[in-house]
Amino acid sequence: MKMYIQVVIYEKDMRDSLTLQTLLSQRIPMYNESLNFILYIDDNSLESKLDEFFLECLRKKYSVSYVHDPTNRTLREIYNERISNLNEEEFLLLLDDDTCLPKEYISDFLRVHCDCKEINLFLPQVQAGGGLYSPYYSYVFFSRKIKTLEIGINSSKHIAAINSGMIIRGAFFIKSGFRYPDIVDFYGTDTVFSHEFRKYENSYFLLDSVLVHDISNHPSNNNIGQYSSILYKVNLFWLRFLKERPLILFLYVIYMFAYSVKMAMKFKSFIFIKHAIKLLTK
């Protein structure tokens, strides 16, 4: 079994990345010739964050490829490059740089994947802001929390998930021909993947693993400048994504503006409304 693990870091030292720290602490078989874990670290920082000692520690468990590219390549480009190398029975694990993995995460996956040959997506439970954040139900641009989780095989109807922690079998990409489209760069990759996955697959596997993730576009983020900037980029994605569906696009514009007013009142800052008006006049 071969698994490609993709991590992108940006302006963060390697040893400060929760993801890399917890990958280092994974309890996985180290001397099993049938298992091959290839860790790709794409460093998009202006200055390289290479830490040779930390890298050598990671190499005790993974085959590691480190690439520094100060041009800040998009997630779309990086993910598509990784997808192009997958065969049907290989897996791709996507991770942001700020996800805390339980020590048994990869082992939990190894215990179940052999009995799920027809399943092409394995999802963790992701906690953020003190509650369940992913997976969730998605109805175009509205989302709803899943009240009762069932470990194991579940219907993929209306299901969506964030990138970090998802494990995808290469068979899905070969069957669907899916590649991340030009409308996404850093934001929206998880949405377009979930949307496309549901077209081809009826089910996914929910792992009995809980990840903790730092979500900068979560309403609990009290950094006004950061949250408003990210919200602007998220809204820009949705306007592009819904461009060919004018009625739904119109409804989203109403929702976007109403939410911007709500955030302006919450944070007592006009910047949210300013960004919404800027998007509508682009």
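How much length is gained if the chain between Ile224 and Ser34 is pulled fully straight, taking 0.36 nm per residue apart and subtracting their Cα-Cα distance, in nm to one decimal? Let's see the in-between values first.
On the way: separation 190, 0.36 × 190 = 68.40 nm, distance 4.85 nm.
Extending this stretch completely gives an extra 63.6 nm.
So if each residue of separation counts as 0.36 nm, and I subtract the Cα-Cα distance between Met265 and Lys145, what length gain in nm does that give?
Values: separation 120, 0.36 × 120 = 43.20 nm, distance 2.47 nm.
In short, 40.7 nm is gained.
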Largest-first principal axis extents, alpha carbons of the stretch 170-282, Å
48, 36, 21
Given a 1.4 Å probe, how much area per residue of the stretch 136-247 is accessible, in Å²?
49 Å²
How big is the convex hull of the Cα atoms of the stretch 120-194, per residue, in Å³?
111 Å³
Counting only protein chains, not ligands or nucleic acids, how are Ser155, Ser176 ordered by accessible area (probe 1.4 Å), most first?
Ser155, Ser176
Heavy-atom accessible surface of the chain: percent carbon and sulfur, 1.4 Å:
53 percent
Specify the inter-centroid distance of the stretch 48-91 and the stretch 248-282, based on alpha-carbon positions, in whole Å.
37 Å
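To one decimal place, what orientation-averaged projected area in nm² is obtained for the convex hull of the Cα set of the chain? Mind showing how you got there, number by number?
Numbers: hull surface 59.8 nm².
Mean projected area of the Cα convex hull: 15.0 nm².
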Using 7 Å Cα-to-Cβ label points, what is the Leu46/His68 separation (nm, one decimal)?
1.4 nm
Gain in span if fully extended, His195 to Glu56, counting 0.36 nm per residue against the direct Cα distance:
46.2 nm
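The values are calculated or read from the model by the stated rules, or taken from the named source; none is laboratory data. Being a predicted model, the structure only gives us computed values, none of them experimental. Note: ideal-geometry Cβ built from the backbone for every residue, glycine included; neighbour counts use all protein chains shown. Heads up: the accessible areas ignore ligands, DNA and RNA and are worked out on the full protein's heavy atoms, side chains in. Shrake-Rupley method; radii C 1.70, N 1.55, O 1.52, S 1.80 Å.
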